[in-house]
Amino acid sequence: MITGGLAAAAFAADRPKRILGKTGLKVTTLGFGSMRTFDPGVIRRAVEMGINHIDTARSYMDGYNEQVIGAALQGLRNRVLITSKVKIDTPSKMKSDVEASLKALRTDVIDILLLHSIKRPDELRADEPRKVIEGLKRDGLIRFSGFSTHLNAASIVRSATKDSLYDIMVVAYNFRSDEALTHALEQAWRSGHGIVAMKTQAGDYRDDRPAELSHHQAALKWVLSKPFISAAIPSMVTYDQLRENLQVISGTPSEADLEILHRYDEKIRTELCRFCGACISTCPHRLEIPEINRCLMYLEGYHDHDLARRSADELGLKDAFALCESCTSCSARCVFELNLAAQLGRARTFLG
Amino acid sequence: MKTICAIAVLLNTAPLPLCGADIRDLVLPADFAPGWQWDFEPEVYGPDNLYQYIDGEAELYIDYDFFEMVTASYALECDESVTFTLDIYDMGTALNAFGIYSSYRRPDHDFAQIGCEATVSALNIRFYKGKFFIQINAGSTDPRVSPALLAAARRLEKAIPGAERPAVLDMLPGEAQLPHSLAYVTRGFLGQSRFRRTLRASYSIDSGTCTAFVVLFENEPAARTALSDLQATLREQSEEIETDGALLSARTPYHGALFCRQHDLLILGVNGELDDKTALRMLDRLQNHIEKVKSGVN
């Protein structure tokens, strides 16, 4: 069995690092989000290029993702910090999940164990999961603990601030996150918690084409410009994505980056439907406008014409478009100020 | 042109309709089996909010062009702590349904003939049928759950349309293929951005096992560019590379020996611990097999 890694810092000397709160761990600002990574070569390459922490979870690919990482890190374990996640469940299930993680990762200690996907503050206060975490630390099977969260993040972060059980918080955070979350994270950081950002892209996650300066890079730079963020963990599946992200981490956002993000924000703010459905009642034909917008998103956001076409056909949008065209002007209104007339016009043009 | 048509026929990416029905219609009724009821009612998720249900794993489904899913949870009327969850994913095409299924499938799983194929355990059943991928997960280790999972799977199997195994899976030869090793990968095979639609499987060879793969492209220039990119990646990683234009071979620390050849709009490849002779024989075998499959289609 390979022991936990903390000599990692010595090998990542040429990559920027930050301290992860009171843990004292020095992590590269770019971590490796491995959820979609099937190829161990990309993981090994990332470590060779100086990334010193990898994020996975017990539930990813039903445990296979941890096996991929375990295989990839053979001979490299002492250069890398491993974060994995366990879902809140009965104590015996949580313990057996962590044991399975250790085995799959081929290590005798997980550096950081997170409670996976916390949705409510009360989950963090529940006795049994806390006792499990404390027991795992006592037994030396994990070194530090924390949680990950996507939803209600600001309230969850606030509730966990100053809770010494949660050394690290992994939170969906990007240039579109609101001030409440930014403030909560800053307070948590000031209280000594380590903050790691995930979901840094805030939009088109599927664009894995090689790029020069892309909005992906600008978005990543924006997150890493925040002093309370120790690291970001974007998903990386290909060598191109690894290269693109490594280009980012040595700099701070320039005026050009901010302009890219501003244009991107404008684009998605006025073109990205939130699927709330509030617009339906404003349309005289009560068209399923969110569904039409979804098809348009597949086309324009995901660049997937086949999926957009299939979806439009399955929804029977031809009839909807005929009704849409029968109006001389569009009275549908979006509470978030999306230009629905323009959206529907494009949908009719490209999917009609 | 013949190759393009033949590949297109095999891929058959035309959408499989749900006959105008809502995906919720596929959910088993609350009393699908005596003594069971809904724990919570069906909920539908799409690509924009699937992460609210399955967190970061949602990205994997989006990689396979996931369209929408419905989830429902069931509990025993007499003991509500005994539960299981049913997840039905519309993956848009039968190939993507197989793809996501294959990303979970391991050769050491137990298998059953449910739908096109299923992996089964006391606490989980996964299967695919038509364009749907189905997961049934026990929420309890109570012995009453396991028979309910199977009953649910059998009922769903009858309700879900579609039946054929995607024809394109036959592009890799069946002989000497290790059982249940075939997979369809839509992103980053070998870490390559351009290797977006790849079939791969493990094969038994004299020296052990190897992986054979076929990467599908829209046209020949795209295949050529992808092979060129692979060569550039290998050079950047200072791997030992040989190429004569048509064939690329390399010794890599991550994948062992790697041999790739462009064939029309495909890249054929083998990798593993194998010598040059065996690798070239495998490539020829792959190519001959694909030609046979194509002529069968034509």
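The values are calculated or read from the model by the stated rules, or taken from the named source; none is laboratory data. Just so we're clear, the structure is a prediction, and the values are computed from it rather than from any experiment. Neighbour counts are summed over all protein chains in view; Cβ atoms, including those assigned to glycine, are modelled from backbone coordinates with ideal geometry.
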Pick from B:L247, B:L230: which is at pLDDT below 95, in contact with a Leu (Cβ under 9 Å, 6 or more places away or on another chain) and within 20 Å of B:V185 (Cβ to Cβ)?
B:L230
Just the residues that are touching a helix residue (DSSP H, G or I) at 6+ places or on another chain (Cβ under 8 Å) and of a type in the set (D, E), please, taken from region B:170-190.
B:D170
When the residues of region A:293-352 are filtered to those that are within 14 Å of chain B (Cβ to nearest Cβ) and among the hydroxyl-bearing types (S, T, Y), which remaining residue is farthest from A:C279 (Cα to Cα)?
A:Y302
Of the conditions (1) modelled with pLDDT under 80; (2) within 12 Å of chain A (Cβ to nearest Cβ), B:I7 satisfies every one except a single condition; which number is it?
(2)
Of those in region B:39-62 that are in contact with an Asp or Glu (Cβ under 9 Å, 6 or more places away or on another chain), in contact (Cβ under 8 Å) with a residue 12 or more places away in the chain and not aliphatic (A, V, I, L, M), the residue farthest from B:D90 (Cα to Cα) is B:D39
Among A:S191, A:S159, A:S230, A:S214, which is at pLDDT 95 or above and over 21 Å from A:R18 (Cα atoms)?
A:S159
Just to verify a result, which residue in region A:80-107, among those that are without any contact (Cβ under 8 Å) to a residue 60 or more places away in the chain, within 20 Å of the chain's Cα centre (by Cα) and buried (at least 24 other Cβ atoms within 10 Å of the Cβ), is nearest to A:Y64 (Cα to Cα)?
A:S84
Of all residues in region B:115-155, which are small (G, A, S), in a loop (DSSP other than H, G, I, E, B) and under 15 Å from B:I100 (Cβ atoms)?
B:G115, B:G130
Take the residues in region B:92-114 that are under 22 Å from A:V68 (Cβ atoms) and in a loop (DSSP other than H, G, I, E, B); name whichever of them is nearest to the chain's Cα centre (by Cα).
B:R105
Hits in region A:116-131 - residues which are within 14 Å of chain B (Cβ to nearest Cβ) and out of contact with any helix residue (DSSP H, G or I) (no Cβ under 6 Å at 6 or more places or on another chain):
A:H116, A:K119, A:R120, A:E123
Looking at region A:63-73, can you tell me whether even one residue there is buried (at least 20 other Cβ atoms within 10 Å of the Cβ), in contact (Cβ under 8 Å) with a residue 60 or more places away in the chain and under 22 Å from the mean Cα position of the chain (by Cα)?
no
Being within 23 Å of B:Y51 (Cα to Cα) and either within 13 Å of chain B (Cβ to nearest Cβ) or loosely packed, with under 15 Cβ neighbours inside 10 Å (or both) is the requirement here; does A:I112 meet it?
no
Of the residues that make up region B:184-191, is at least one of a type outside the set (D, E) and closer than 15 Å to B:R105 by Cβ?
yes
Kindly provide the set of residues from region A:13-42 that are surrounded by 21 or more Cβ atoms within 10 Å (Cβ to Cβ), of a type in the set (A, V, I, L, M) and more than 9 Å from chain B (Cβ to nearest Cβ), ordered by number.
A:L20, A:L25, A:V27, A:L30
Matching residues, region B:285-298, being modelled with pLDDT of 90 or more and farther than 21 Å from B:L190 by Cα
B:R285, B:N288, B:H289, B:I290, B:E291, B:K292
Scope region A:43-53; condition within 14 Å of another protein chain (Cβ to nearest Cβ) and either modelled with pLDDT of 95 or more or assigned to a helix (DSSP H, G or I) (or both); matching residues:
A:I43, A:R44, A:R45, A:A46, A:V47, A:E48
Those residues that are more than 10 Å from every other protein chain (Cβ to nearest Cβ) and over 22 Å from B:Q37 (Cα atoms), I need them from region B:62-99; list them, please.
B:Y64, B:M91, B:A94, B:L95, B:A97, B:F98, B:G99
Just for strands (runs of 3 or more DSSP E) wholly inside region B:166-276: which have at least 2 residues that are more than 12 Å from chain A (Cβ to nearest Cβ) and buried (at least 18 other Cβ atoms within 10 Å of the Cβ)?
B:198-205, B:208-216, B:247-252, B:256-263, B:266-272
Please indicate, with yes or no, whether at least one residue in region A:171-185 is under 23 Å from A:I110 (Cα atoms) and within 14 Å of chain B (Cβ to nearest Cβ).
yes
List every residue pair whose Cβ atoms sit under 7 Å apart, with the two residues 6 or more apart in sequence or on different chains, where the first one lies in region A:132-148 and is away from every other protein chain (no Cβ under 14 Å) and the second, anywhere, is among the small types (G, A, S) and not in a strand (DSSP E or B).
A:R143/A:G4
Scan B:D55, B:D22, B:D79, B:D48 and give me the residue that is modelled with pLDDT under 90 and surrounded by fewer than 16 Cβ atoms within 10 Å (Cβ to Cβ).
B:D22
Considering only residues of region B:221-277 that are in contact with a helix residue (DSSP H, G or I) (Cβ under 9 Å, 6 or more places away or on another chain) and among the hydroxyl-bearing types (S, T, Y), which is nearest to A:I69 (Cα to Cα)?
B:Y254
